[in-house]
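The next block holds one structure in the form of structure tokens; read it before the comments.
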Amino acid sequence: MTNPWLDIPEADYVGHMSHPAVAQRSVLSRLMRESLEAARPRAFLVLGCSSGNGLEYVDRAATERVTVVDINSAYLHCLADRFANPGFELEIRCADLNDARLEPEAFNLVHAALVFEYITWRPFIPHVAGTLTRGGMLSVVLQLPATAIPPVTPTPFTSLQSLESIFHFVDPDALIEAAGEAGLIIDRRRLEPLPSGKAFEVLRFRKSC
């Protein structure tokens, strides 16, 4: 079966995430900025980067290298156009995160926002932990279940509805447990309410060794 992400135009994705019924695009951008400010990474990895929302907050004085991964090559082409002269080394990778191979101990910060809901996340956690440097940070944003609101909010951008076939909620407690087993210690946990009535769980982990 073709991954539904491959059939969603970038304009539809941006339109959906920016739509008043969803209103998540600006929130996700801010959450990336907060992670960047907390970690000030030399090397930064973004999983499920789409077309680069939030990358405008990379501090060129602190960050030398940014690696981005997404399954949709069209999104990555848009990202490359947006950040044609980024002021840092930009490495763009097109890959399914279920199969992606990441180099060990290479990144000071890994950011994964609304990503684990679409992949087989449990076996991926040790792989993410392995790509962090000692003391490195993993920043995760999870969507929480909401009463009477479907996982993918209906908007005029109907192509997004196909994502319900692969979407699954991730229990934050289960993720924290799996991360701990991989050597990642929970550093921060908070709720981010959304205007739509939904909410995000924002998790921040540190690699202990």
Hits in the range 117-165 (condition: over 17 Å from the mean Cα position of the chain (by Cα) and within 16 Å of F44 (Cα to Cα)) | G130, T133, R134, G135
Given the conditions (1) at positive phi; (2) in contact with an Asp or Glu (Cβ under 7 Å, 6 or more places away or on another chain); (3) small (G, A, S), report the number of the one that S159 does not fulfil.
-> (1)
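Just one of P126, P145 is closer than 30 Å to E37 by Cβ, surrounded by fewer than 21 Cβ atoms within 10 Å (Cβ to Cβ) and free of Cβ contacts under 8 Å to residues at least 40 places away in the same chain; which is it? Step through it out loud before you land on a result.
Numbers: P126 fails: free of Cβ contacts under 8 Å to residues at least 40 places away in the same chain.
None of the others qualify; the one that does is P145.
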Within the bounds of the range 169-184, is there any residue that is part of a helix (DSSP H, G or I) and either β-branched (V, I, T) or in contact with a Pro (Cβ under 6 Å, 6 or more places away or on another chain) (or both)?
-> yes
Taking the range 148-168 and keeping only residues that are outside any loop (DSSP other than H, G, I, E, B), without any contact (Cβ under 8 Å) to a residue 24 or more places away in the chain and not polar (S, T, N, Q), one is left with E164
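Values in this text are rule-based calculations from the coordinates and carry no lab data. In this text the structure is predicted, and so the values were computed from the model without any measurement. Note: ideal-geometry Cβ built from the backbone for every residue, glycine included; neighbour counts use all protein chains shown.
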